[in-house]
Amino acid sequence: MKFDAIITGGGLAGLMCGIRLAEAGKRCAIVSRGQSALLFSSGSLDLLSRLPDGQPVTDIRAGLETLSRQAPQHPYSLLGADRVFGYAADAAALLARCGLTLQGETALSHQRLTPLGTTRGAWLSPPEVPRQPLAWRDVTIAGIAGFLDFQPEFVASSLAKRGIVTRTAELQLPALDPLRLHAGEFRAVHIARNLEQPDVLAALVEELLPLARDTDALLMPACLGLEDDQQWHWLNQQLPCPLYLLPTLPPSVPGLRMQRALERRFRALGGTLMPGDEVRRITVNPGEPIAVETRNHGDITLRSQHVVLASGSFFSNGLIADRSGVREAIMGLDVAQSASRSDWYQTDFFKPQPWQQFGVQVDARLQPTLRGAAQPGLLAIGSVLAGYDPIAQGCGGGVCAVTALHAAERILGAGGTEL
Ligand SMILES: Cc1cc2nc3c(=O)[nH]c(=O)nc-3n(C[C@H](O)[C@H](O)[C@H](O)COP(=O)(O)OP(=O)(O)OC[C@H]3O[C@@H](n4cnc5c(N)ncnc54)[C@H](O)[C@@H]3O)c2cc1C
């Protein structure tokens, strides 16, 4: 089977790259083994919140300039501030074309409210997520009885420290009782599925109305809207004060919504998505199309001049750590890592962890190497890459989006240096 491009991994990076290529009319396949990190994410995307020396970043362009001095191997530094800035703006537009109405600016990060009631820098957030400035004197945080993946008291105690008057409440929603019988099923995604029924949504309004009367804002867990944010808009029209949603423990409804929207767009553009399949081998022979062998396709080899590795980090087994070191799982590509295992981590759990920066080494063209040899036609993107710390630097979603679009532009022949 021949394609213009084959992508390994259908998370944020692989899907954004595939969508850009499909929008340009390329015949593109995405092979993806399992769930992506999106299902475990907040639903907000980070671009750059902190520099390696710990300085917070608000002005993104200035932050990128300083980053290139502090971390020359960071994927943003390899690409250069101008390209990163341009791709970030393009990425926001691409997400909008997928039907994702995210709020935020490329030039200036915002602070979103977390499920712990603290704030965290972000680039793009769903409109239902509260953002600074929080102009509330008085706020009510409603949990759902028996739902353990969101604790209103955490939010209330953090907001109270900012001088906001807080109240907590518990929604009963008896229609959810069948879920309550099985703790493992009482999750945000299952609640969202139940709330798709009009009578259950109407019951939610009935319970929210009395809480909404004497407060500046209502907060509740993000258990609404697997496909889009229409239910949230509708609820806001029914209530006398604004309703906001906060992410829960995984599985994440906003993350699943993003995954589905990206997959929908890729398929609608004619892309071939192969979920549940696994790339077992990628063979690069100079002068020939790259051969991709997958578990489900057996001896039918997929072939393309361009293969993009978007297989994720340790979380998705794109990278694997064992006693001998860290390796890239499919080809054994060259990986940046510290020589000694004792340097993999810092004993203080809350400090930046060196292992977060391990990953596939690439150049400015996003080309990886195998035992020092270039692999023509192969590109690596997203969280499989080395050189950045998505947690400490708050740049995970941004690196995925920016490198995905750079890879796509390189395949389309507009990325500067030739493949
Ligand atoms: C738990 C968690 C939460 C996060 N939350 C946020 C957040 O809120 N905001 C933010 O900006 N960033 C967040 N990040 C950072 C995150 O890494 C990125 O935002 C992004 O979602 C990662 O996308 P990715 O496509 O690189 O990898 P992944 O999402 O990991 O996707 C890789 C995909 O490749 C597939 N795959 C792997 N190997 C193979 C193979 N051999 N064959 C076929 N398929 C394969 C996997 O099954 C998976 O579906 C989070 C990361 C984690 C781990």
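Of the residues T140, T283, T347, the one with the largest accessible area comes first in the ranking T347, T283, T140, computed with a 1.4 Å probe on protein heavy atoms. Using the Cβ-Cβ distance between A336 and E105 with R0 = 56 Å, the FRET efficiency computed as 1/(1 + (r/R0)^6) comes to roughly 0.95. With both bridge residues required to lie in the chain, what share of the DSSP beta bridges run antiparallel, to the nearest 5%? Counting only bridges with both partners in the chain, antiparallel ones make up about 45 percent. Please state the shape class of the range 136-263: rounded when a/c is under 1.5, otherwise prolate if a/b exceeds b/c and oblate if not, all from the C-alpha gyration tensor. Since a/c stays below 1.5, the shape of the range 136-263 is classed as rounded. Ligands, DNA and RNA left out, the 1.4 Å accessible surface of the chain is 52% carbon and sulfur atoms.
Sparsely packed loop sites in the range 221-258 (the chymotrypsin sites (Phe, Trp or Tyr not before Pro) outside DSSP H, G, I, E and B with at most 13 other Cβ atoms within 10 Å) do not occur. Among the GluC sites (Glu not before Pro) found in the range 147-213, those both in a DSSP coil and sparsely packed, with 16 or fewer other Cβ atoms within 10 Å of their Cβ, are E196.
The alpha-carbon of K351 sits under 20 angstrom from the alpha-carbons of these aspartates and glutamates, leaving out residues fewer than 8 places away in its chain: D46, D53, D343, D389.
Pull out the extension gain between L181 and R295, defined as 0.36 nm times the separation in residues minus the alpha carbon to alpha carbon distance; nm, one decimal. Could the numbers behind the result be given before it?
Working: separation 114, 0.36 × 114 = 41.04 nm, distance 3.79 nm.
The span from L181 to R295 would gain 37.3 nm if fully extended.
Fully extending the segment from R303 to A93, taken as 0.36 nm per residue of separation minus the present Cα-Cα distance, adds 72.6 nm. Any chance you could tell me what percent of the C-alpha pair distances in the range 267-317 go past 14 Å? Percent of Cα pairs beyond 14 Å in the range 267-317: 61.
Once you sort the root eigenvalues of the Cα gyration tensor of the range 38-152 as a ≥ b ≥ c, which label holds: rounded (a/c under 1.5), prolate (a/b larger than b/c) or oblate (the other case)?
On the way: a/c = 2.20, a/b = 1.75, b/c = 1.26.
It is prolate, given that a/c is not under 1.5 and a/b is the larger ratio.
How big is the Rg/Rh ratio for the range 306-419, C-alpha atoms only, Rh by Kirkwood, two decimals? Walk me through the numbers before you get to the answer.
Values: Rg = 14.2 Å, Rh = 14.5 Å.
Ratio of gyration radius to Kirkwood radius: 0.98.
Counting only heavy atoms of protein chains, what accessible area per residue, in Å², does the chain have with a probe of 1.4 Å? Mind dumping the intermediate values first?
Details: 17900 Å² over 419 residues.
That works out to 43 Å² per residue.
Taking label points 7 Å from Cα along the Cα-to-Cβ direction, A160 and E288 give a separation of 6.9 nm. Quarter the surface of the alpha carbon convex hull of the range 1-76 and you get the mean projected area, 7.3 square nanometres. The mean of 1/r over all pairs of different alpha-carbon atoms in the range 101-143, once inverted, gives a Kirkwood hydrodynamic radius of 11.3 Å. Loop-located trypsin sites (Lys or Arg not before Pro) in the range 273-362 (DSSP state other than H, G, I, E, B) with a sparse environment of at most 11 neighbouring Cβ atoms within 10 Å: R323.
Using the empirical formula 2.2 N^0.38 Å as the baseline, the Cα radius of gyration of the range 114-169 reaches a ratio of 1.14.
By the Stokes-Einstein formula, at 1.306 mPa s and 10 °C, the chain with its Kirkwood radius over alpha-carbon pairs has D equal to 71 µm²/s.
In terms of Cα atoms, the Rg and Dmax of the range 327-381 work out to 13.3, 41 Å. In the chain, Cα pairs under 8 Å separated by at least six residues give a relative contact order of 23 percent.
Length available on full extension from R323 to A145: 0.36 nm per residue minus the Cα-Cα distance, which gives 59.6 nm.
The values are calculated or read from the model by the stated rules, or taken from the named source; none is laboratory data. Fair warning: this is a prediction, and the values are worked out from it, not measured in the lab. With ideal geometry, Cβ positions are generated from the backbone for all residues, glycine too; neighbour counts draw on all protein chains shown. Only protein heavy atoms, including side chains, enter the accessible area calculation; ligands, DNA and RNA are left aside. Shrake-Rupley method; radii C 1.70, N 1.55, O 1.52, S 1.80 Å.
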